[in-house]
Amino acid sequence: MEHDGTHALVTGGGTGIGEGIARGLAEAGAQVTITGRRADVLAAVAASHPNLHALPMDVSDEFSVREGIAEAARLRGPIQICVANAGIAEGGPFAKVSLADWRRIMTTNLDGVFLTLQSALATLPADAPARMIVISSIAGLRGLKGAVSYTASKHAVIGLVRGLSEEYMRRPITFNAIFPGYVDTDIVRGQLSGLMRRFETDADGALAIMAKGNRHERLLQVDEITASAMWLCSEAARSVNGQTIEIAGGQS
Ligand code: NDP
């Protein structure tokens, strides 16, 4: 199998997009460490496949990330595939965003990616090949109304990916970002009740409103994001570096 003997780490690997990518890698033979704050969620997913391994870890906590990733590497070897996927989406009018709200988003979506990538890179011997993938968002390419902090955090991780792709150019490591549009996961489902109230519609109506955020006006499914991550991890993508791949049914 393509990833036999490889150790992969997927943050937020217990749900949604992260779970999809973790399963794809596990089925391709990788030993996959999945992380998140909810130990019960991770344990249930890990119980479903022998190659999935639960590691409770909070990406907004430096100690938790540095210790957690070092421990995962002690158990299963250097992190040769790292998917920095964990993130939160919160919105509201900019005038009402408190500094605490702003920091909560930035600490998770930006500091969390910084800590994850730096800690994963620290596990690698100098000549080891590796693939580093960040899950950004269409909010990393264009502004999303009512989600300025989220938009800023998802733009910022592109800078990390592009900067790292230059800094590590002489090593066999690639850094790329995926920009999904609206995907049918908990993050999207969590916004339905607000939309139902605001537009006086039912759940299907609210889902249709979310789908309109994608250019082809369909909600994306997790397997569409998994496929692009699997390609970025493949031998065929060894020279794809510093790139941003949008999956949103059209151009932003
Ligand atoms: P989910 O809510 O299913 O996934 C988010 C994951 O991140 C959860 O597993 C959650 O686990 C984890 N997480 C959140 N905060 C932390 C934290 N502080 N420490 C560790 N883990 C954390 O939604 P998605 O799968 O949709 O989201 C995954 C990524 O994709 C996010 O970065 C999101 O911004 C991005 N994205 C999603 C889109 C969508 O439409 N669904 C579109 C574009 C981008 P736990 O709560 O247990 O910690």
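Structure summary
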| item | result |
| --- | --- |
| Mean Kyte hydropathy of 1.0 or more with a Cα span along the axis of at least 27 Å, helices from DSSP in the chain | none |
| Ala128-Asp204 pseudo-label distance in nm [points 7 Å out on the Cα-to-Cβ vector] | 5.1 nm |
| In nm, spacing of pseudo-spin labels at Glu90 and Arg189 (7 Å Cα→C-beta vector) | 2.2 nm |
| Pairwise FRET efficiency - Asp61 versus Val240, Cβ, R0 = 41 Å, nearest 0.05 | 0.80 |
| Where only alpha carbons of the range 32-110 are counted, the Rg and the Dmax (Å) | 15.1, 48 |
| Semi-axes of the equivalent ellipsoid for the range 184-245, Cα gyration tensor, largest first, Å | 33, 10, 9 |
| Summed residue charge, Cβ within 14 Å of Arg215's Cβ, Lys/Arg positive, Asp/Glu negative | 0 |
| The chain, helix-only ellipticity at 222 nm - DSSP H runs n ≥ 4, -39,500 (n - 2.57), divided by all residues, nearest 500 | -12500 deg cm²/dmol |
| Square roots of 5 times each gyration tensor eigenvalue, C-alpha, the chain, largest first, Å | 29, 19, 18 |
| Potential extension, Glu166-Arg74 segment - 0.36 nm per residue separation minus Cα distance | 30.3 nm |
| Summed side-chain charge close to Gly24 - residues other than Gly24 whose Cβ falls under 15 Å, Lys, Arg +1, Asp, Glu -1 | -4 |
| Asp101 - accessible surface, heavy atoms, 1.4 Å probe, Å² rounded to 10 | 50 Å² |
| Accessible solvent surface per residue of the chain, calculated while the other protein chains remain in place, 1.4 angstrom probe, Å² | 47 Å² |
| Debye intensity ratio I(q)/I(0), log10, the range 72-166, q values 0.16, 0.20, 0.23 Å⁻¹ (C-alpha model) | -0.68, -0.92, -1.11 |
| Carbon and sulfur %, accessible surface of the chain computed with the full protein complex present, 1.4 Å | 53 percent |
| Normalised per residue, the volume of the convex hull around the Cα set of the range 96-149 (Å³) | 78 Å³ |
| Three principal axis lengths of the range 137-216 [C-alpha, angstrom, descending] | 55, 21, 21 |
| Protection proxy ranking of 135-143, 221-229, 79-87 - average other beta-carbon atoms within 10 Å, highest first | 79-87, 135-143, 221-229 |
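The values are calculated or read from the model by the stated rules, or taken from the named source; none is laboratory data. Everything quoted here is computed from the prediction, not taken from an experiment. Don't worry about glycine lacking a Cβ; one is built from the backbone with ideal geometry, like all the others, and counts go over all protein chains shown. Accessible surface is based on the protein model in full, side chains and every heavy atom, while ligands, DNA and RNA are left aside. Shrake-Rupley method; radii C 1.70, N 1.55, O 1.52, S 1.80 Å.
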